[in-house]
């Protein structure tokens, strides 16, 4: 029986949570699937493409649970916090997102879903990409540090990680608001959606179709370690 790409990604994410990104290989994955390694290349030309599809599944599940009908400020906040939680649900989750190769599904399904609340608020496609890029670059980098044991211990010794993360996201939103107020970032008039369209927008169909990977056990977000007096 031919392997479906969705099944390969499902098993790859399960394997990732057991062995981590460094030990994840197409050979190891083929053993898990009880197939010969070359059969995987019918679906993925290399490990980068496999990581790309794994990232698509992770992001799609994240988006499927979000309300995209909110205003742009709340969308940036919501997406940032949800993305961080999503990456913490997977071992080396931030590294997977950072190392993945862009896929057609990212370009045609996920990116438009990420952009939609910003475009509706009057931002251009270029501005929406700048905002998503700024926010996601910070969130990926922050979460990558949290998932690095040595760096996490150092951060926890100085910070409450949740409070510091929230401060950083609020700073990004405030900075964007100031750019708009100063006229440096110009927007068109926000688009008003009808009630029926808003209801449809709140659950992007493209994201829900892609969210087929297994839901992993939640991994707690590390918090600050209180020093004894």
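The values are calculated or read from the model by the stated rules, or taken from the named source; none is laboratory data. Being a predicted model, the structure only gives us computed values, none of them experimental. Note: ideal-geometry Cβ built from the backbone for every residue, glycine included; neighbour counts use all protein chains shown.
Having 1 or more residues that are touching a helix residue (DSSP H, G or I) at 6+ places or on another chain (Cβ under 9 Å) and under 20 Å from residue 104 (Cβ atoms) is the bar; report the helices (runs of 4 or more DSSP H) wholly within the range 1-66 that clear it. Even if it seems obvious, please write down each step before you answer.
Working: elements: 5-19, 26-33, 47-64.
Because the criterion is at least 1 residues that are touching a helix residue (DSSP H, G or I) at 6+ places or on another chain (Cβ under 9 Å) and under 20 Å from residue 104 (Cβ atoms), the helices (runs of 4 or more DSSP H) in the range 1-66 that meet it are 5-19, 47-64.
When residue 210 is evaluated against the numbered criteria (1) out of contact with any helix residue (DSSP H, G or I) (no Cβ under 7 Å at 6 or more places or on another chain); (2) modelled with pLDDT under 80; (3) within 30 Å of residue 127 (Cα to Cα), which criterion, by number, is the only one it fails?
(1)
Could you list, in sequence order, the residues of the range 83-97 that are in a helix (DSSP H, G or I) and buried (at least 17 other Cβ atoms within 10 Å of the Cβ)?
Initial filter on the range 83-97 (in a helix (DSSP H, G or I)): 83-88, 93-97.
If the condition is that a residue be in a helix (DSSP H, G or I) and buried (at least 17 other Cβ atoms within 10 Å of the Cβ), then 83, 84, 86, 87, 88, 93, 94, 95, 96, 97 are the ones that fit.
I need every pair where a residue in the range 152-177 that is under 14 Å from residue 134 (Cβ atoms) has its Cβ under 9 Å from the Cβ of a residue that is modelled with pLDDT under 95, sequence separation at least 6 or different chains.
From the range 152-177, the pairs are 176/185.
Counting only residues that are more than 17 Å from the chain's Cα centre (by Cα) and assigned to a helix (DSSP H, G or I), how many does the range 140-165 have? Break it down into steps so the answer makes sense when it comes.
Looking only at the range 140-165, we keep the residues that are more than 17 Å from the chain's Cα centre (by Cα), and these are 148-164.
Within this subset, residues satisfying the condition of being assigned to a helix (DSSP H, G or I) are 149-158, 161-164.
Qualifying residue count for the region: 14.
Looking only at the range 153-186, which residues are surrounded by 14 or more Cβ atoms within 10 Å (Cβ to Cβ), touching a helix residue (DSSP H, G or I) at 6+ places or on another chain (Cβ under 9 Å) and farther than 26 Å from residue 88 by Cα?
176, 185
Quick one: would you say residue 105 is within 29 Å of residue 11 (Cα to Cα), assigned to a helix (DSSP H, G or I) and more than 13 Å from the chain's Cα centre (by Cα)? Break it down into steps so the answer makes sense when it comes.
Working: within 29 Å of residue 11 (Cα to Cα): yes; assigned to a helix (DSSP H, G or I): yes; more than 13 Å from the chain's Cα centre (by Cα): yes.
Judged against the criteria, residue 105 is a match.
For residue 142, only one of the following conditions fails: (1) surrounded by 15 or more Cβ atoms within 10 Å (Cβ to Cβ); (2) at pLDDT below 55. What is its number?
With respect to (1) surrounded by 15 or more Cβ atoms within 10 Å (Cβ to Cβ); (2) at pLDDT below 55, residue 142 is out only on (2).
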